[in-house]
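Taken together, the values in this text are just the output of simple stated rules run on the coordinates, not laboratory data. As the structure is a computational prediction, the values presented were derived from the model and not from experiment. All Cβ positions, glycine included, derive from the backbone under ideal geometry; neighbour counts span all protein chains shown.
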């Protein structure tokens, strides 16, 4: 066993939080030294709850360690420790970086610029539209989109990135052998093929409520900046904003209508000094990588490049996202005559580029 193996063991000890893991390493010197320490010495640590110390001793079992690593191998899950060269550089810069992260899929290297996109689980058509636009446009420029695979805005961000042919990272609040929310099972598999899932929690850890505020620091910690596309005033998204500010990350927010309760959170952030963004270019300029990213933009990263659209069709197509888009929303934002707009919608539908849904709503095919 090497130090990574001992760190895997330490991370799997029930009830042993990151803070306690780091304290144990500070006391003993390494995870290996904790493993080899006499039981009497471990039990002398009065600042730790007795049941935690007993868990450490009980889990000092090579058979359990081997069984745990076999479970990891069965689920194709890797463990990257803070001592490894491929541990994310930005993540290691934060104060409370995890000693190791479990990874399912392929972790994009530090060569890629990473941006987090988060928002409320409940969202509006407008929220879906702006999330799709930012994720899609950034992904086309080889920016990796990081989010939490939660219901709502997070899921839209991941789906839009994948649609653009980009890479995405989902940071979970449970063990990687558990899918949460369960209805995102198909999205989970797609993310694995276009990036990876990450968690600091041991396999088998359930998606407890307290895990999500903790994991949010990793979402912001992996990225150069955080985008909030839509959130109400009491959204848990604001916890991620707090982490981003503590980590010195750029915080960006998309403005919304003052009478939209789902834009109260983003409008408040802007009022408090968050960067107001309206397009992909704003994001790239704020993180100081505009020139680098634009130089990386290439046609091979743009899906559906064989679909030829005229200018009016492009306007309409860009307004229709992965979520249902109403005819009224298209009319209000396309700035085209009704007869031209209706004709374009009909042509796009006939060509199989969009689908018409009940209630005069549209979605990309």
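Given an 8 Å cut-off on Cα distances and at least 6 residues of separation, report the relative contact order of the chain as a percent.
RCO, the chain: 14 percent.
Among 251-262, 168-179, 194-205, how do they line up from the highest to the lowest mean number of other beta-carbon atoms within 10 Å?
My ranking of the peptides, most packed first, is 168-179, 194-205, 251-262.
Need one number: convex hull volume per residue for the stretch 114-301, Cα atoms only, in Å³.
So the per-residue Cα hull volume is 104 Å³.
If r is the Cβ-Cβ distance from residue 360 to residue 39 and R0 is 51 Å, what FRET efficiency results, to the nearest 0.05?
0.15
Which percent, nearest 5, of DSSP beta bridges in the chain are antiparallel?
Beta bridges within the chain, antiparallel portion: roughly 45 percent.
Just the Cα atoms of the stretch 311-364, one point each, no solvent: what log10 I(q)/I(0) does Debye give at q = 0.14, 0.27 Å⁻¹?
Log10 I(q)/I(0), no solvent term: -0.28, -1.16.
How high is the FRET efficiency from residue 271 to residue 234, r the C-beta distance, R0 25 Å, rounded to 0.05? Mind showing how you got there, number by number?
Numbers: r = 16 Å, r/R0 = 0.63.
Between residue 271 and residue 234 the formula returns 0.95.
Can you give the Kirkwood hydrodynamic radius for the stretch 3-74, in Å, rounded to one decimal and based on Cα pairs?
Working: mean 1/r = 0.0809 Å⁻¹.
Kirkwood radius, the stretch 3-74: 12.4 Å.
How much length is gained on full extension from residue 92 to residue 285, taking 0.36 nm per residue of separation minus their Cα-Cα distance?
67.1 nm
Take every Cα pair under 8 Å in the stretch 1-129 that's 6+ residues apart, average their separations, divide by the length, and report that relative contact order as a whole percent.
Worked out over the stretch 1-129, it gives 24 percent.
Where Rh denotes the Kirkwood radius from the mean inverse Cα pair distance, what is Rg over Rh for the chain?
Taking Rh as the inverse mean 1/r over Cα pairs, Rg/Rh reads 1.04.
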